[in-house]
1. Tell me, what is the Rg over Rh of the range A:126-244, with Rh the Kirkwood radius over Cα pairs?
2. Add -39500 (n - 2.57) for each DSSP H run of 4 or more in chain A, then divide by its residues: what number comes out at 222 nm, to the nearest 500 deg cm²/dmol?
3. If you split all Cα-Cα distances of chain B into 10 Å bins from zero, what percentages do you get per bin, shortest first?
4. Using all C-alpha to C-alpha distances in the range A:84-167, build P(r) with 10 Å bins and read off the rounded percent in each one.
5. Per residue and in Å³, how big is the convex hull formed by the alpha-carbon atoms of the protein assembly as shown?
6. What share of Cα pairs, in percent, lie more than 15 angstrom apart in the range A:1-81?
């Protein structure tokens, strides 16, 4: 069995010593990092720190040096995200920090995607996501995006305050067949319906499945607006996205 | 270009999904009492106005969140 001092990266050692309390998790994580290369430990450390520039740089270097993509995922990116999950569960970090780590994960995965593509591994689907016009509340959307990407979807994030024109432009330009809109305010919820109407008016509605979500949104409201589906949270969003793409949910 | 086994890649995606599902579930729990835009340093990361926002301690840093996490923080969000 490996020991904490077998891990070369000081930041990772400190993270484990300070934050990983459950003995079984501690043992598993120590064993994982003790056998991991220094560079993989550095990737994990940068990801935990939410440093997407450093994750970007180290992942690129690792792959250029010939390190296997699966090793980078196992010992760097996913190993780091595992610690992020534990720290979040213990309320040591919160949603903004988790989302920074998810952005760092995306920066690393960007270098792995061409390898996947060359191997014929395609994303489950491509999704356009945005918060509707007039709404600046994006946490729910960002959690959905994190889950979608982690589940193998390619996501085009349009951000907040997204007009119907911007949604339509993104769908057309990227040949996307799935789109998600979120709203947190009852005052901006009607803009989901207006966006769907804009798709109908532009003769684009049949090209794209539309899912909606957000705290005040209900299945009934989604049905009234003519959306193809409603997800009450990030997990439901992924299940819905898979169903709409005709992929079996795990 | 490296080769990658699709089945092995799928195993990694499944493991990552498991981690992220735990995160998403906990985020829903925490959001019942703590504003999700409030970071670990009790700073506000929201791009919209909120009556709980206070001037940052240092110039250029994020505003401070003054919510006590006891009342429903969403009532303080400025929606106009």
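1. Values: Rg = 12.3 Å, Rh = 13.5 Å.
Result for the range A:126-244 is an Rg/Rh of 0.91.
2. Numbers: 11 runs with 135 residues, N = 250.
Taken over chain A, the calculation gives -17000 deg cm²/dmol.
3. 16, 34, 21, 15, 13, 2
4. 16, 41, 31, 11, 0
5. Working: hull volume 48.9 nm³, N = 330.
Normalising the Cα hull of the protein assembly as shown by residue number yields 148 Å³.
6. Working: 1663 of 3240 pairs.
Result: 51 percent of Cα pairs exceed 15 Å.
Coordinate-derived values only; no laboratory data. These numbers come from a predicted model, not from an experiment.
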